[in-house]
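The structure appears right after this line, and notes come after that.
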Amino acid sequence: MFFIDLIRNPAPIQGSAWLSFVFFSTWFAQSKLTTPIALLIGLWFGFQKRIALGVWFFFSILLGEFTLKSLKLLVARPRPVTNGELVFAHGFSFPSGHALASALFYGSLALLLCYSNANNRTKTIGAVILLFWIVLMSYDRVYLGVHYPSDVLGGFCLGVAWSCCSLALYLGFLKRPYKNA
């Protein structure tokens, strides 16, 4: 019951260390951060002579953000009015941008890790940490009172789907060696 109360009524723990952590962690799922970092990761892959991988990573994140903005305008769902929100959020509610951005960015990092040459233990630990981070980013949007749970679920599902589909595109087309025609 404690966790349900945390989602529905976060006011009793305002000012706590948990709330400070939630405010801090939510910053890591903003497109203002994830898109430039995706560019840097893409450039790093380019310098490693893995240009297709760098292009895939950056444009997956960039096109995912574009899709997010378009869907928000198309659906135009207002944010919840709870009078208990702990932070001001602007714009429309569905899908949750933080949930989509975290599932897309950190999910893509997890997929990269799974396809890397790292040992299985490193892959497992890394994937679990990234999954935990994605779940935390998604949870905090409802906790802060700026999204309905369906907004977060929609953003999460869209982010995961976008990551998986773009990886399939990369593995199926971009990674193939070009034939001289």
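The values are calculated or read from the model by the stated rules, or taken from the named source; none is laboratory data. Only a predicted model underlies this, so the values are computations on that prediction, with no experimental measurement involved. Cβ atoms come from the backbone with ideal geometry, glycine included; neighbour counts cover every protein chain shown.
Of note:
- Within the stretch 145-181, considering residues that are aliphatic (A, V, I, L, M) and modelled with pLDDT under 75, the one farthest from residue 18 (Cα to Cα): 181
- Of all residues in the stretch 151-169 being surrounded by fewer than 18 Cβ atoms within 10 Å (Cβ to Cβ) and in contact with a Pro (Cβ under 9 Å, 6 or more places away or on another chain), the one that is farthest from residue 104 (Cα to Cα): 153
- Set 14, 48: member being modelled with pLDDT of 80 or more and loosely packed, with under 11 Cβ neighbours inside 10 Å: 48
- Screening residue 126 against (1) under 17 Å from residue 29 (Cα atoms); (2) buried (at least 17 other Cβ atoms within 10 Å of the Cβ); (3) touching a helix residue (DSSP H, G or I) at 6+ places or on another chain (Cβ under 9 Å) leaves a single unmet condition, (1).
- Hits in the stretch 131-143 (condition: of a type in the set (A, V, I, L, M, F, W, C) and buried (at least 21 other Cβ atoms within 10 Å of the Cβ)): 134, 137, 142
- Here is the figure for the stretch 62-112: residues that are within 18 Å of residue 35 (Cβ to Cβ), of a type in the set (D, E, K, R) and modelled with pLDDT under 85 total 2.
- Condition met for residue 102 (closer than 18 Å to residue 22 by Cα, crowded, with 18+ Cβ neighbours inside 10 Å and free of Cβ contacts under 8 Å to residues at least 60 places away in the same chain): no
- Some residue of the stretch 123-139 being within 11 Å of the chain's Cα centre (by Cα), under 21 Å from residue 76 (Cα atoms) and in contact (Cβ under 8 Å) with a residue 12 or more places away in the chain: yes
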